[in-house]
Amino acid sequence: MSHLTNILKYAKPYKAYAVGHVISNIFYAFFGALSFIALIPMLDILFKTDFPAPTKEPVYQGIGNLKDFYKDYLAYHVNTYAQDDPQKALLLVVGLIIVLFLLKNIFSYLAYYFMVFLRNGVVRDIRNAVYKKTVELPLSYFSEQRKGDIMARVTTDVATLQYSMLPVLELIAREPLAIIFTIIMMLLISVKLTLFVFIFIPLSGWVISIVGKSLKRKSDRVQTEQGVILSTLEETLTGLRIIKGFNAQNKFNKRFQDSSERFYHFSNKLLNRQNLASPTSEFLGIVVISILLWYGGQLVLVDKSLDGSSFIAYMGLAYNIMVPAKAISRGIYNVKQGNAAAERIQEIIDAENPLKDKEDAVVKTSFNQNVTFENVWFKYEDDFVLKDFNLTIPKGKTVALVGQSGSGKSTLANLITRFYDVTKGAITIDGINIKDLTTDSLRNQMGIVTQDAILFNDSIKNNLKLGKDNATNNEVIEALKVANAWEFVSKLPEGIETNIGDAGNKLSGGQKQRLSIARAVLKSPPIMVLDEATSALDTESERLVQVALENMMRNRTSIVIAHRLSTIQNADEIIVLSKGEIVEKGKHNELIAKKGVYQKLVEMQSFD
Ligand SMILES: Nc1ncnc2c1ncn2[C@@H]1O[C@H](COP(=O)(O)OP(=O)(O)O)[C@@H](O)[C@H]1O
Ligand SMILES: [Mg+2]
């Protein structure tokens with residue numbers, strides 16, 4: 001139930017709707033109960049027990065005689081109107097019943113009406129909250145296999161909440177009120193009979209809770225498998241070219257079908273358990289009713305403490321109580337099932353963000369002296385990827401990082417942009433630890449270009465404006481020129497307004513990379529981080545991108561990670577990394593002359 005209260009927090013902004021809902025429900029429950037009592041005079045007329053009714057207007061004699069008062073009151077007015085004509089009286093009572101049921105249903109609709117806004121509002125807010133948190137959480141939170149899981153949480157888990165947990169909000173006000181009003185009416189008719197019924201209610205509740213017990217675990221398994229299905233789908237769609245190229249369709253089909261199969265079994269179990277709710281409670285209800293019929297019949301026939309019409313109305317009420325009781329038992333099932341979804345959603349919303357800005361974080365508006373790595377140690381998991389790393393990058397200089405794959409180059413780029421925090425040591429900008437800066441202002445000082453250009457399904461202009469919202473078209477074009485991209489963009493039918501398709505798929509690799517460089521140029525940050533920006537390209541595009549990079553790096557501080565010499569020949573300092581440690585550093589010519597690791601790397605890749 002704890003997750004239900006969590007969900008209730010999201011209902012707070014919709015208090016007004018909740019109030020409307022509760023008030024409508026009070027009327028709904030009131031008219032619902034009243035309509036059964038109205039049956040009594042009709043039955044009396046039919047069975048001619050009390051007809052003609054009292055000739056004097058009855059006097060109210062306190063709450064204990066409320067039912068008799070209401071009954072006599074009705075009977076008296078029916079009588080005065082009908083003037084001893086039972087048919088007329090019948091018509092009047094039938095009319096009264098229609099009016100009462102109409103009122104009951106109008107308020108029922110009103111109650112649902114208010115609830116729609118509350119329910120959908122809560123779903124909207126929860127979905128937005130999960131998405132917002134997803135964007136905020138650090139990269140380390142999202143390993144590849146988690147993508148599908150997170151997609152499942154934002155989509156199907158929220159939908160599960162919508163259809164399982166939130167309808168329960170309706171129950172909270174409606175059904176207990178209906179039960180209370182019905183019980184009051186029942187008590188008014190016969191206290192004895194009602195107390196008798198009450199013995200069986202906890203008994204039924206117990207049976208229902210046993211059936212509902214394993215629902216949460218079952219539902220959790222279903223939702224988790226849903227995540228696996230989405231992961232597989234996501235991976236398949238991004239890797240379709242490779243899957244087909246390697247004829248791996250069957251392999252992926254099998255993987256998907258295995259997951260589908262598990263999902264099928266888990267959902268079967270869940271649904272079958274869920275479907276037990278309604279028949280169980282209905283059967284339990286009818287058992288209670290039967291016992292009532294037997295005991296109440298005794299009261300009418302033997303004890304004579306109850307009249308027939310009242311007993312029939314009472315049975316109506318007792319049956320009527322089953323509707324809300326059934327709804328509540330189904331509600332308890334739903335809460336149990338929804339709990340799993342709520343927990344999974346809450347997990348994301350509550351996920352601790354280890355890279356949160358400090359309370360008194362400094363806003364850095366400029367870069368003046370240098371970036372420094374001071375005795376930096378770092379590990380993703382168990383093994384240190386960087387060991388006691390020291391480096392100073394003065395303003396305006398270009399520092400290149402080379403080394404075999406896996407030596408920790410990209411890790412340095414991840415640390416300086418604070419996608420991850422160092423394990424030990426510190427990274428400083430102008431002497432200030434980057435942990436003491438706001439992440440926003442830190443990243444404002446940096447432009448990032450990675451190996452695979454990450455572009456979004458939007459126009460070229462909007463892709464570039466990601467880092468600078470207020471850029472004019474001219475600035476966009478200038479940036480494209482610097483990035484050596486204007487030449488091809490200007491030839492596109494719609495120029496900078498051209499949509500580049502999903503992930504920029506309508507463009508070639510080199511074109512995409514030049515756009516991502518243009519994006520960094522437009523943002524125009526003082527520090528540029530280039531992580532193998534050209535290594536995914538063929539020689540022809542590499543040359544074009546190379547020009548773009550040189551244009552961009554002019555007058556900027558740059559950290560260049562590169563395989564190929566051409567990019568780094570002119571760097572002010574080249575750092576050679578091996579297994580997370582610096583093994584050599586110096587200028588290109590010095591390192592070649594040294595005939596060490598760098599020279600070997602150069603030979604191996606036949607740089608020249
Ligand atoms: N997200 C990650 N989680 C765990 N280990 C990682 C992660 N990213 C990289 N590594 C490991 O850290 C080491 C350095 O990786 P990386 O900095 O990407 O190397 P480079 O860019 O020099 O090729 C590698 O051994 C790699 O397996
Ligand atoms: Mg790398």
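All of the numbers you see were taken from the coordinates with simple rules; none came from a lab. None of these values were measured; they are calculated from a predicted model. Reconstructed Cβ throughout: ideal geometry from the backbone, glycine too, with neighbour counts over all protein chains shown.
Taking the DSSP beta bridges in the chain as the whole, what percent of them are antiparallel, to the nearest 5?
The antiparallel fraction comes to roughly 50 percent.
Figure the gain on full extension for Leu46 and Glu374 (residue separation times 0.36 nm, minus the Cα-Cα span) and round it to one decimal in nm.
Extra length from Leu46 to Glu374 when fully extended: 108.4 nm.
In deg cm²/dmol and to the nearest 500, what is the mean residue ellipticity at 222 nm of the chain if only DSSP H runs of at least 4 residues count, each as -39500 (n - 2.57), divided by the residue total?
-19500 deg cm²/dmol
Would you list the P(r) distribution for the stretch 288-360, with all Cα-Cα distances sorted into 5 Å bins from 0 and each bin expressed as a whole %?
Result, from short to long distances: 4, 12, 13, 11, 8, 7, 7, 6, 6, 6, 5, 4, 4, 3, 3, 1, 0 percent.
When the Kirkwood radius is taken over all Cα pairs of the stretch 370-604, what Stokes-Einstein diffusion coefficient follows at 4 °C and 1.567 mPa s, in µm²/s?
Result for D is 71 µm²/s.
Going through the stretch 495-535, which trypsin sites (Lys or Arg not before Pro) have at most 16 other Cβ atoms within 10 Å and a DSSP loop state?
The qualifying sites are Lys506.
Sorted by average packing, counted as other Cβ atoms within 10 angstrom per residue and highest first, what order do 595-603, 543-551 take?
Top of the packing list down: 543-551, 595-603.
For a quick check: sort Ser231, Ser405 by the number of other beta carbons within 10 angstrom, fewest at the front.
Ser405, Ser231
Work out the length of the dipole vector of the stretch 370-604 about its Cα centre, built from +1 on the beta-carbon of each Lys and Arg and -1 on the beta-carbon of each Asp and Glu, and round it to the nearest 20 debye.
Approximately 400 debye in magnitude.
Which peptide among 113-120, 39-46 comes first, and what is the full order, when sorted by highest mean count of other Cβ atoms within 10 Å?
Going by the mean number of other Cβ atoms within 10 Å, highest first, we get 39-46, 113-120.
With the Cα gyration tensor of the stretch 434-559 in hand, convert its eigenvalues to equivalent ellipsoid semi-axes via √(5λ) and list them largest first in whole Å.
Those come to 22, 17, 13 Å.
Considering only DSSP states other than H, G, I, E and B, which trypsin sites (Lys or Arg not before Pro) in the stretch 255-358 qualify as loop sites with at most 12 other Cβ atoms within 10 Å?
Loop-located and lightly packed - Lys304, Lys356, Lys358.
Counting other Cβ atoms within 10 Å, keep those with at most 10, restrict to DSSP loop, and tell me which GluC sites (Glu not before Pro) in the stretch 354-444 are left.
Glu359, Glu381
By per-residue mean of other Cβ atoms within 10 Å, what is the highest-first order of 278-289, 412-423?
Going by the mean number of other Cβ atoms within 10 Å, highest first, we get 412-423, 278-289.
What is the magnitude of the charge dipole of the chain about its Cα centre, with +1 placed on the Cβ of each Lys and Arg, -1 on the Cβ of each Asp and Glu, and no other charges, expressed in debye to the nearest 20?
420
Which percent of Cα-Cα pairs in the chain sits in each 20 Å bin, short to long?
15, 33, 23, 16, 11, 2, 0
If you take every DSSP beta bridge fully contained in the stretch 370-604, what fraction is antiparallel? Give it as a percent rounded to 5.
About 55 percent, rounded to the nearest 5.
To the nearest 10 degrees, how steep is helix 215-238 against the longest Cα principal axis of the chain, on a 0 to 90 scale?
40
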